[in-house]
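Remarks on the structure that follows.
The values are calculated or read from the model by the stated rules, or taken from the named source; none is laboratory data. Quick caveat: nothing in here was measured; it's all calculated off a predicted structure. When we count neighbours, we look across all protein chains shown, and the Cβ atoms used for this are built from the backbone with ideal geometry, even at glycine. To get the accessible areas, we keep the full protein, side chains included, count just its heavy atoms, and leave off ligands, DNA and RNA. Shrake-Rupley method; radii C 1.70, N 1.55, O 1.52, S 1.80 Å.
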Amino acid sequence: MITATEMKVPRLVTALPGPKAKQVVERDAKFMSPSFTRDYPLVAKSGRGAMVEDVDGNVFLDFAAGIAVCSTGHCHPKVVAAIQKQAAELIHMSGTDFYYENLPLLAERLVKTVPGNEDKKVFFTNSGTEAIEGAVKLARYATKRDKMIAFYGCFHGRTMGSLSLTASKSTQRKGFGSLLGGVEHIPYPYAYRCALGHEPETCGEEILETLENQIFKRLFDPTEVAGIIIEPIQGEGGYVPAPKFFLQELQRICRQHGIMLITDEVQSGMGRTGKWWAFEHAGIEPDIITSAKGIASGMPLGAIIARSSVMDWKPGSHGTTFGGNPVCLAASLATMDLIEGGLMENAQKMGKYIFERTADWTNKFKIVGDVRGKGLMVGVEFVRDQRTKERAADLRNAIVDRAFHKGLLVLGAGENSLRLSPPLLIDQEQADFAVRTLEECIREAEKKV
Ligand SMILES: Cc1ncc(COP(=O)(O)O)c(C=O)c1O
């Protein structure tokens with residue numbers, strides 16, 4: 001097993017996939033649901049810090065972090081100790097029916113991370129999608145309205161309610177029949193592909209115009225709209241940040257009409273962008289925030305955080321058997337200690353460093369159209385031609401695969417982008433390795449164009 005002191009960069013000892021990995025992949029094909037989207041055959045066995053070892057002894061540098069989940073790295077000793085201690089003491093009780101000390105303790109700590117003077121309350125869930133389901137129910141309950149507005153390109157989950165809001169890839173919806181009614185999607189302010197050619201900080205004015213002068217006048221009266229949900233930085237959609245003014249204007253519109261502004265921070269939250277929440281970069285105060293992924297370093301936990309006047313639902317109106325499980329809470333408390341204790345600052349510092357090191361990529365490589373994001377949410381968009389911006393999904397896929405074969409784990413995002421979402425504890429040597437390796441992969445892919 002790898003230890004943090006042993007390895008900081010990859011070590012490959014077999015061809016990939018190795019013999020044991022091949023066996024697992026074969027068994028998986030036989031017994032597992034085929035609905036997953038594995039880009040390459042990583043068969044993980046153990047992890048430490050930003051490193052993952054596979055079943056054949058190959059060690060990878062992990063810039064995927066289990067889809068931006070392992071915020072404190074793999075098996076951080078403090079998180080492991082908290083989980084082990086808790087597992088020996090109490091594994092389950094169910095907050096729906098009983099009290100438990102760490103529920104309000106973690107809730108209070110989360111609330112303290114959220115700006116604004118009004119008191120807030122928390123509902124714990126098992127996953128991101130469950131947090132979204134609850135947020136939609138809460139918005140409807142609090143406003144006594146039922147319409148929702150969401151954005152093209154955003155991903156909010158795969159259960160029927162959250163899937164109704166998700167508008168990322170049609171395969172995620174195809175074949176599942178009719179979804180929640182009363183949901184309308186509008187374009188996301190995607191600066192690199194701004195229809196009107198605006199700059200990153202001004203892209204989206206026409207979308208707000210459409211919302212106010214078309215949607216609200218011709219489709220949904222704003223007094224019927226319960227919530228507007230947005231990822232402040234699109235995750236699955238390609239690591240696309242919404243401009244600051246856009247989020248501020250959405251807040252103004254929501255306040256004007258009594259609509260709940262819901263920010264989905266499932267991927268962008270918990271310190272990943274250098275602040276607790278990505279919306280903080282825009283200085284807004286959403287009514288409802290959803291969190292999951294990085295909140296408990298890999299243990300299944302999510303949260304809905306809302307103003308107390310909003311989270312004012314009656315006993316019995318919402319519940320969960322497992323949400324806020326004691327072991328997950330313990331992992332989350334340890335995670336928060338670590339994020340507060342330097343990891344958030346490191347995410348900011350390392351993010352800045354990676355953006356500096358990749359600043360010339362659009363000049364250096366003709367297939368790199370855009371490098372964007374915040375902190376350790378770095379998106380790279382690949383195009384066939386920088387002028388036409390023709391999407392190059394095949395090149396992106398080739399680069400993701402090449403990176404794997406050089407020991408670097410990364411994930412695609414959107415149609416033709418790649419995302420870097422490493423654990424928040426990476427150091428400069430690891431950032432350098434990732435940048436260098438990707439440069440090699442891009443250069444090799446370019447040769448084939
Ligand atoms: C922004 C966002 N919201 C919601 C979800 C759904 O989370 P989960 O997969 O935990 O249900 C995801 C998952 O990728 C996400 O990125």
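Rounded to a whole number, what is D in µm²/s for the range 70-134 from Stokes-Einstein with the Kirkwood radius over alpha-carbon pairs (20 °C, 1.002 mPa s)? All intermediate terms of the calculation are to be shown ahead of the outcome.
Details: Rh = 14.2 Å.
Here the translational diffusion coefficient equals 151 µm²/s.
Tally Lys/Arg at +1 and Asp/Glu at -1 over every other residue whose Cβ is under 15 Å from the Cβ of ASP370; what's the total?
Numbers: positive: ARG193, LYS364, LYS366, ARG372, LYS374, ARG384, ARG387, LYS389, ARG391, ARG396, ARG419; negative: GLU199, GLU201, ASP360, GLU381, ASP385, GLU390, GLU415.
That works out to +4.
Check the cysteines of the chain one by one and keep only those with no other cysteine Cβ under 4.7 Å from their own.
Taking the Cβ cut-off of 4.7 Å, the unpaired cysteines of the chain are CYS70, CYS75, CYS154, CYS254, CYS328, CYS441.
Determine the distance separating the Cα centre of the range 351-376 from the Cα centre of the range 114-181; give it in Å without decimals.
Taking the Cα centre of the range 114-181 as reference, the centre of the range 351-376 is 31 Å away.
Which order do you get for SER317, SER268 if you rank them by accessible area with a 1.4 Å probe, largest at the top?
Values: SER317 40, SER268 0 Å².
Output order, biggest surface exposure first: SER317, SER268.
Under 5 Å between amide hydrogens, which residues at least 5 positions from SER46 or on another chain qualify, with H placed 1.01 Å from N in the peptide plane?
Here the answer is GLU53, since their amide H atoms fall under 5 Å of that of SER46.
Give the longest segment of the chain that steers clear of chymotrypsin sites (Phe, Trp or Tyr not before Pro) in DSSP loops with at most 15 neighbouring Cβ atoms within 10 Å, not counting the sites themselves.
Values: sites that count: PHE36, PHE98, TYR99, TYR152, PHE176.
Maximal segment without exposed cleavage sites: 177-449.
Scattering from the C-alpha atoms of the range 163-296 alone, worked out with Debye: what is log10 I(q)/I(0) at q = 0.13 1/Å?
-0.57
Most fluctuating residue of GLY379, GLY274, GLY161 in a GNM of the chain with Cα springs under 10 Å: which is it?
Result: GLY161 has the largest fluctuation of those listed.
Under a 1.4 angstrom probe, counting protein chains only, how are ARG357, ARG436 ranked by accessible area, largest first?
Numbers: ARG357 70, ARG436 125 Å².
So the residues, ranked largest to smallest area, are ARG436, ARG357.
If I build a Gaussian network model for the chain, linking alpha-carbon pairs within less than 10 angstrom, which residue out of ILE367, ILE207, ILE289 has the largest mean-square fluctuation?
Taking springs between Cα atoms under 10 Å, the residue moving most is ILE207.
Of GLY153, GLY116, LEU103, which is farthest along the charge dipole of the range 88-230 in the positive direction, counting Lys and Arg as +1 and Asp and Glu as -1 at C-beta?
GLY153
Would you list the P(r) distribution for the range 299-449, with all Cα-Cα distances sorted into 5 Å bins from 0 and each bin expressed as a whole %?
Reading the bins upward from 0: 2, 8, 15, 16, 14, 11, 10, 9, 7, 5, 2, 1, 0.
Taking a threshold of 19 Å on the Cα-Cα distance, which of the pairs LYS352/LYS448; LYS78/LYS349; LYS78/LYS374; LYS169/LYS448; LYS22/LYS45 fall above it?
Numbers: LYS352/LYS448 31 Å; LYS78/LYS349 23 Å; LYS78/LYS374 27 Å; LYS169/LYS448 27 Å; LYS22/LYS45 14 Å.
The pairs that break the limit, which is 19 Å between Cα atoms, are LYS352/LYS448; LYS78/LYS349; LYS78/LYS374; LYS169/LYS448.
So what are the range 295-387's ellipsoid semi-axes, whole angstrom, largest first, if each one is the square root of 5 times an eigenvalue of the alpha-carbon gyration tensor? Walk me through the numbers on the way to the answer.
Numbers: eigenvalues 307, 69, 31 Å².
Working from the Cα gyration tensor, I get semi-axes of 39, 19, 12 Å.
Can you give the accessible area of HIS198 in Å² (nearest 10), computed on protein heavy atoms with a 1.4 Å probe?
It works out to around 60 Å².
Would you mind pulling out the separation of the Cα centroids of the range 414-449 and the range 279-337, in Å?
Cα centroid of the range 414-449 versus Cα centroid of the range 279-337: 32 Å apart.
Looking at the chain as a GNM with Cα springs under 10 Å, which of PRO222, PRO326, PRO34 has the largest mean-square fluctuation?
Looking only at PRO222, PRO326, PRO34, the largest GNM fluctuation is found for PRO34.
Return the calculated 222 nm mean residue ellipticity for the chain, to the nearest 500 deg cm²/dmol, obtained by summing -39500 (n - 2.57) across DSSP H runs with n ≥ 4 and dividing by the residue count.
Here the helix-only value at 222 nm equals -10000 deg cm²/dmol.
State to the nearest 20 debye the size of the charge dipole of the range 272-339 about its Cα centre, where the only charges are +1 on K and R beta carbons and -1 on D and E beta carbons. Before the final figure, lay out the partial values.
On the way: 5 positive and 5 negative charges, 29 e Å.
Computed charge dipole of the range 272-339: roughly 140 debye.
Tell me the accessible surface of LYS78 in square angstrom (1.4 angstrom probe, heavy atoms of protein chains only), to the nearest ten.
Result for LYS78: roughly 130 Å² accessible.
P(r) tail for the chain, what percent of Cα pairs lie past 33 Å?
Details: 34679 of 100576 pairs.
Counting every Cα pair in the chain, those more than 33 Å apart make up 34 percent.
With +1 on the Cβ of every Lys and Arg and -1 on the Cβ of every Asp and Glu, and nothing else charged, how large is the dipole of the chain about its Cα centre, in debye rounded to the nearest 20? Intermediate results must be reported in sequence, preceding the final value.
Working: 54 positive and 54 negative charges, 156 e Å.
Using Cβ point charges on Lys, Arg, Asp and Glu, the chain gives about 740 debye.
Run the reach check for LYS112 against aspartates and glutamates, Cα to Cα strictly under 14 Å, same-chain hits fewer than 8 apart removed. What comes back?
Reachable aspartates and glutamates: GLU280, GLU285, ASP337, GLU340.
Would you mind counting up the charge near ARG396? Only other residues with Cβ under 9 Å from its Cβ, with Lys and Arg at +1 and Asp and Glu at -1.
The answer is -2.
Under unit Cβ charges (Lys, Arg +1; Asp, Glu -1), what dipole magnitude, rounded to 20 debye, does the range 83-184 have relative to its Cα centre?
On the way: 14 positive and 10 negative charges, 99 e Å.
Once rounded to the nearest 20, the dipole reads 480 debye.
Would you mind checking which residues have amide H under 5 Å from ILE186's amide H? H placed 1.01 Å from N; only 5 or more apart, or other chain.
ALA150, PHE151, TYR152
Which three numbers, in whole Å and largest first, are the semi-axes of the equivalent ellipsoid of the range 99-155 derived from its Cα gyration tensor as √(5λ)?
Values: eigenvalues 116, 42, 34 Å².
Here the semi-axes work out to 24, 14, 13 Å.
Around PRO243, under 10 Å between beta carbons, what's the net of Lys plus Arg minus Asp minus Glu among the other residues?
Details: positive: LYS244; negative: GLU199, GLU201, GLU205, GLU249.
With Lys, Arg at +1 and Asp, Glu at -1, the net is -3.
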